[in-house]
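Comments concern the structure below.
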There are 2 protein chains.
Amino acid sequence: MRIITTPTLKEAISVVHDALNQKKVLILVGKCTVQYKGRARSTLSLGDRILIIKRDGAVLVHRPTGYAPVNYQRSGCIFYAKLEEDRLKIEAIDQKHKEYMKIFFSEITLVACLDLRDPGEFALYATEEDIRRAILANPEMLEEGFKPISIEKEVEPGFIDICGLDKNDNLVIVELKRKKADKTAVTQLAKYVNDIKKRSRRVVRGILAAPSITKDAHILLISLGLEFKKINIKACMESLRKTEERKITEYL
Amino acid sequence: MRIITTPTLKEAISVVHDALNQKKVLILVGKCTVQYKGRARSTLSLGDRILIIKRDGAVLVHRPTGYAPVNYQRSGCIFYAKLEEDRLKIEAIDQKHKEYMKIFFSEITLVACLDLRDPGEFALYATEEDIRRAILANPEMLEEGFKPISIEKEVEPGFIDICGLDKNDNLVIVELKRKKADKTAVTQLAKYVNDIKKRSRRVVRGILAAPSITKDAHILLISLGLEFKKINIKACMESLRKTEERKITEYL
DNA sequence: AATTAAATTTCGCCT
DNA sequence: AGGCGAAGTTTAATT
């Protein structure tokens, strides 16, 4: 781990070499120009930027504004760095995709070779309750003509997420999963459907609603005569958001 | 400009406040967790990351690998930063898009408040010669049935980029521009077309081929009975790349 | 590996 | 400011 502020180019390149050789993360801040050639071509004239080279060989050049990097390379690059007259030159070559980028630093504010450990897990999700509220607010999200019933009172099986009637007045039992549904979700749904079938002379359909489903679970689901409905998390959140806005508007 | 390595959380938050108040660029490296709620929701458990907050209120959280940020906010956020027990909490709120993100740092390796100036211009382009070679290699790119002629010998007007025959055997004069075409490009093309018309009894069409065209130029173009063909720079580069690969293959 | 579809797509151009 | 379409899109899922 080496961090130097306002280093000379010579000091800087030593840190750069360390980072590249040891596959650590490099941050370089300073005045630079960038050239790119590959699927397209680009040039970027002199200015202050933040360069990040990651362990996997991904490269980002960021300007002081804007979400997107002005120049980048995807992971898998190989690098050459050297001192050239009064500039530090870094080449990033993506041989596989035939993409080539070079950066010339003429002045460096900060160079850092970082040993970052990141075992953390990233989870993108909506809660089951989010999905439930979204479907109740916008039942067509589940199926055209779907009408939820008695969501307030918990019926005896106790843990049915949503039940309702389809456009043909068949009973529909919905099991929700906030992430990829597995076999346990299918058996759970099957149990509820069977319970209800015993007590009703209606046709009873079972729908497993989730962002995705494992292959095994889907095979089991079909063999049991049940159905899968893919839920779009983003659409759920959008729907909820609109509902909330509507609620606010109704109060104005 | 303040840069501190392994600061205490107290030292760090002072730099964070400086950066946010003075609308400078903030870089924070350390152990953190992230939560996001907006169009979707996400959580990210503890790990080493690089946080960048830009002048325009854009936020990036980068892990040690991967091109894309694991969490982000678009420009226009407002921020709240405070010390909370033994964590530094930063909230980034995008009121306009109703996106909310919070980051909790428990350990900081590096904090930097940077005054970056970037007047540089970014230009994405293909050279005129690139475009020419691409069209000659793949004439349908210009128009279905287009056949280039005599590109080797420079004809008298001298500076015609490409000429050829369309599927109806009409003469076609092509003027290339590597970036947005303006009125001068149109008058240039008009001149060549008129020159050729005087010497030929064929129908002579004039096509201005460029990535885009100014409104004024397009109006003038139409009034002169000329045509515009939008050129996709990426498609040109892809075409060239394939041609080069083919050439190599032919030698094997 | 190649192709397709979705993305917290982002980004620019036009209305 | 909102809507549409392209992007050095990226990324995940599927064939």
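The values are calculated or read from the model by the stated rules, or taken from the named source; none is laboratory data. Given the structure is predicted, the values throughout are model-derived calculations rather than measurements. Positions of Cβ are backbone-derived with ideal geometry, glycine not excepted, and every protein chain shown enters the neighbour counts.
Within the range A:188-217, which residues are in a loop (DSSP other than H, G, I, E, B) and farther than 19 Å from A:L176 by Cβ? Show your work before the answer.
Residues of the range A:188-217 in a loop (DSSP other than H, G, I, E, B): A:200-203, A:211-212, A:214.
Scanning the range A:188-217 gives A:S200, A:R201, A:R202, A:V203.
Do we have any residue at all in the range A:108-128 that's within 16 Å of DNA strand D (Cβ to nearest atom), away from chain B (no Cβ under 11 Å), β-branched (V, I, T) and over 30 Å from A:L208 (Cβ atoms)?
no
Taking the range A:21-40, which residues are assigned to a strand (DSSP E or B) and either buried (at least 20 other Cβ atoms within 10 Å of the Cβ) or near DNA strand D (Cβ under 10 Å from one of its atoms) (or both)?
If the condition is that a residue be assigned to a strand (DSSP E or B) and either buried (at least 20 other Cβ atoms within 10 Å of the Cβ) or near DNA strand D (Cβ under 10 Å from one of its atoms) (or both), then A:V25, A:L26, A:I27, A:L28, A:V29, A:G30, A:C32, A:V34, A:Q35, A:Y36, A:K37 are the ones that fit.
Which of the residues that make up the range B:46-60 are part of a strand (DSSP E or B) and more than 10 Å from DNA strand C (Cβ to nearest atom)?
Across the range B:46-60, the qualifying residues are B:L46, B:G47, B:D48, B:R49, B:I50, B:L51, B:I52, B:I53.
Looking at B:K167 and the list (1) assigned to a loop (DSSP other than H, G, I, E, B); (2) at pLDDT 85 or above; (3) within 20 Å of B:M237 (Cα to Cα), which single condition is not satisfied?
Looking at each condition in turn, B:K167 falls short on (3).
So which residues in the range A:115-146 are in contact (Cβ under 8 Å) with a residue 24 or more places away in the chain and among the charged types (D, E, K, R)?
Hits for the range A:115-146 are A:D115, A:E128, A:D130, A:R132, A:R133, A:E143.
Just one of (1) touching a residue at least 60 places away in the same chain (Cβ under 8 Å); (2) more than 7 Å from chain A (Cβ to nearest Cβ); (3) farther than 30 Å from A:S42 by Cβ trips up B:K98, so point out which.
Condition (2) is where B:K98 drops out.
Listed here are the residues, each with its yes/no results for (1) more than 30 Å from A:R49 (Cα to Cα); (2) within 16 Å of DNA strand C (Cβ to nearest atom).
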{"site": "A:K102", "(1), (2)": "no, no"}
{"site": "A:A126", "(1), (2)": "yes, yes"}
{"site": "A:I149", "(1), (2)": "yes, no"}
{"site": "A:G164", "(1), (2)": "yes, no"}
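Within the range B:79-93, identify whether any single residue is at pLDDT below 95 and within 11 Å of chain A (Cβ to nearest Cβ), and answer yes or no.
No - not one qualifying residue is present in the range B:79-93.
Mind listing whichever residues of the range A:37-47 are in contact (Cβ under 8 Å) with a residue 40 or more places away in the chain and within 7 Å of another protein chain (Cβ to nearest Cβ)?
A:R39, A:L46
Filter the range B:62-86 for residues that are of a type in the set (S, T, Y) and within 9 Å of DNA strand C (Cβ to nearest atom); which is surrounded by the most Cβ atoms within 10 Å (Cβ to Cβ)?
By that ranking, first place goes to B:Y72.
Among the residues that make up the range A:208-221, is at least one of them hydrophobic (A, V, I, L, M, F, W, C) and surrounded by fewer than 19 Cβ atoms within 10 Å (Cβ to Cβ)? Lay out the reasoning, then the answer.
If we filter the range A:208-221 for residues that are hydrophobic (A, V, I, L, M, F, W, C), which is where we start, we get A:208-210, A:213, A:217, A:219-221.
Okay, now just the ones that are also surrounded by fewer than 19 Cβ atoms within 10 Å (Cβ to Cβ), so A:219-220.
Looking for residues that are hydrophobic (A, V, I, L, M, F, W, C) and surrounded by fewer than 19 Cβ atoms within 10 Å (Cβ to Cβ), one finds at least one in the range A:208-221, hence yes.
Is there any pair with a first residue in the range B:207-224 that is more than 19 Å from B:E143 (Cα to Cα) and a second that is within 11 Å of DNA strand C (Cβ to nearest atom) whose Cβ atoms are under 8 Å apart and which are 6 or more apart or on different chains, and what are they?
From residues that are more than 19 Å from B:E143 (Cα to Cα), the pairs are B:T214/B:K180.
Could you check the range A:10-34 and list, in sequence order, the residues that are within 22 Å of A:G47 (Cα to Cα) and of a type in the set (K, R)?
Across the range A:10-34, the qualifying residues are A:K10, A:K31.
What's the number of the condition B:E238 fails, among (1) in contact with a strand residue (DSSP E or B) (Cβ under 7 Å, 6 or more places away or on another chain); (2) within 14 Å of chain A (Cβ to nearest Cβ)?
Unmet condition: (1).
Considering every residue within the range B:87-100, establish whether at least one is in the same structural domain as B:T243 (by TED's automatic domain parsing), surrounded by fewer than 19 Cβ atoms within 10 Å (Cβ to Cβ) and under 29 Å from the mean Cα position of the chain (by Cα).
no
Answer with yes or no whether A:T43 is of a type in the set (S, T, Y), more than 16 Å from DNA strand C (Cβ to nearest atom) and surrounded by fewer than 23 Cβ atoms within 10 Å (Cβ to Cβ).
Details: of a type in the set (S, T, Y): yes; more than 16 Å from DNA strand C (Cβ to nearest atom): no; surrounded by fewer than 23 Cβ atoms within 10 Å (Cβ to Cβ): yes.
When the stated conditions are applied, A:T43 does not pass them.
Going by what's in this entry, would B:K89 be described as away from DNA strand C (no atom under 16 Å from the Cβ) and charged (D, E, K, R)? Can you show your working first?
On the way: away from DNA strand C (no atom under 16 Å from the Cβ): yes; charged (D, E, K, R): yes.
Here the answer is yes, as B:K89 does meet what is asked.
Give the range B:48-60 a look and list any residue that's within 7 Å of another protein chain (Cβ to nearest Cβ), within 16 Å of DNA strand D (Cβ to nearest atom) and in contact with a Gly (Cβ under 8 Å, 6 or more places away or on another chain), or say none.
B:R49, B:D56, listed by residue number.
May I ask you to list the residues in the range B:61-73 that are in a strand (DSSP E or B), out of contact with any Leu (no Cβ under 7 Å at 6 or more places or on another chain) and within 16 Å of DNA strand D (Cβ to nearest atom)?
B:H62
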